[in-house]
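Working notes, structure below.
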Amino acid sequence: MKKLLLLSASASLLSSAAWLQASPLFSVGDNVDVFFDGSSNLRWSSNLFNDESGEVDDLLLTLTPGFEVDFVRGESNVDLSLLARYDLLRYHDHNEVDTELAHVKAKGSYEAARLDLTASASFDESQTASSQGQNLPGQLFESEATRVGLEGEYQLSPKFSFGAGVNYYDTKYVSANTVGAFADREEVSVPVDVYYELTPKLDLSLGYSRVEAEVGAAGSAAYDQVTNFYSLGARGELLPKLSGFLKLGYRENEFTNKGMFGADLDFSYAVTQKLNSSLALSRDFGVGGAGDSTENSSIKLRADYSIDEQYSVSANLGYDLRDYQSSDREDDQYSAGVRLDYVLDENWRLSTGYTYSENDSSLALSSYVNHALNLSASLRY
């Protein structure tokens, strides 16, 4: 049967196990639990609108009441949960951009002797100053994202298994100020993999995935972009303390008639019992905020250290390169952050952190630097 991989078992998550196992607000019968899952966050930003010049700082308070409903609670081979949250955003100086944002997600899984299935569907509203390298000087804008996914794996024999799925992703920019500046897009991806069990802890894979994207007009004609990825890979425990997955191969873009080396990689390394590190790397085709076809390369590093049962600290570094295919534009994006978490009890969690983000772009008025400090409290009951 398909292995259950702990691809990102960070020490910070382990330290918050008691908080995640909070008692429900109330139960319905023997199989349904209802949790209140809310938070409040205070965030100071040095460059609210991600402007290259004329930086403006502001303080943002976000209040997020939410609920989670867990069905069947592991009583059978079916799990199902429904989550709903509502963000209330209030700015200290720029209350003209105050807003409310909704988030809804349903997820489920099914496990049988030879078949595993996972499914999810979500709807998210967001407010931001930048999207896929595109921004509007002095302005924030809102978008809506809808995601639906179904993935499964079937064990053909003791050594071979077959995995396949279909994922749908739709992004719409809903603010009036985004007309002509941002491109809506709709994507359907279909991954297919054949796995061979090399050892009880390690599988090899042969894979293919196809992504079809419909990109709306943003100052230019709409177009369809199709990309293909042919890969060889591995998943599981590659070394005694190193686990995760990797896929390496060839990616081709039918829209631009270009090909390149492609990669998807996510590793977790247990340095000690208290210190865990992770590495994620990707090289893929994409679509910029204005609808331009791009080549994207990214690398993410993270470390989590569990001080004790209540305190944990984490740090992260990131680099993204976005190369635009229809122009000479190139963006280098850098990010770094540190975070301290404190689990007060099974219901309360407190955290504080600092984030640095920078976009170095060859396009005028598209570069920015932003420093952010945040303090948050979460309640699960």
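Coordinate-derived values only; no laboratory data. Remember, it's a predicted structure, so these values are computed and weren't measured experimentally. Please note: Cβ atoms are built from the backbone with ideal geometry, for glycine as well, and neighbour counts cover all protein chains shown.
Summary of values
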{"quantity": "Efficiency of FRET from Cβ geometry, D360 and E254, R₀ 41 Å, rounded to 0.05", "calculated": "0.85"}
{"quantity": "Positive-end residue of L344, V369, P137, charge dipole of the chain with Cβ unit charges", "calculated": "L344"}
{"quantity": "Computed log₁₀ I(q)/I(0) - Debye formula, equal Cα scatterers, no solvent, the stretch 29-92, q 0.14, 0.23, 0.25 Å⁻¹", "calculated": "-0.59, -0.91, -0.98"}
{"quantity": "Fewest-first ranking of L198, L115, using other Cβ atoms within 10 Å as the exposure measure", "calculated": "L198, L115"}
{"quantity": "The stretch 286-378: GluC sites (Glu not before Pro) in DSSP loop, at most 15 other beta carbons within 10 Å", "calculated": "E309"}
{"quantity": "Neighbour-limited loop hits for trypsin sites (Lys or Arg not before Pro), the stretch 227-294 (at most 14 other Cβ within 10 Å; DSSP other than H, G, I, E, B)", "calculated": "K241"}
{"quantity": "Tail beyond 39 Å, pair distance distribution of the chain (Cα, percent)", "calculated": "20"}
{"quantity": "Cα-based convex hull, the stretch 318-363, per residue volume (Å³, whole number)", "calculated": "93"}
{"quantity": "Under the Debye formula (equal points on every Cα, no solvent term), log10 I(q)/I(0) of the stretch 51-199 at q = 0.13, 0.19, 0.20, 0.21 Å⁻¹", "calculated": "-0.80, -1.17, -1.24, -1.30"}
{"quantity": "Dipole in debye (nearest 20) - the stretch 11-380, about Cα centre, beta carbon charges: Lys, Arg +1; Asp, Glu -1", "calculated": "1020"}
{"quantity": "Taking only Cα atoms of the stretch 226-297, radius of gyration then Dmax in Å", "calculated": "15.5, 48"}
{"quantity": "Other-chain or far-sequence residues with amide H under 5 Å of A222's (modelled H)", "calculated": "A217"}
{"quantity": "FRET efficiency, 1/(1 + (r/R0)^6) with R0 25 Å, evaluated for E330 and V148 via beta carbons", "calculated": "0.15"}
{"quantity": "At most 14 other Cβ within 10 Å, DSSP loop - GluC sites (Glu not before Pro), the stretch 57-130", "calculated": "E75"}
{"quantity": "Mean residue ellipticity (222 nm) of the chain, computed from DSSP H runs ≥ 4 via -39,500 (n - 2.57), nearest 500", "calculated": "-500 deg cm²/dmol"}
{"quantity": "Point-to-point label distance, E237-Q139, nm (Cα→Cβ direction, 7 Å offset)", "calculated": "5.5"}
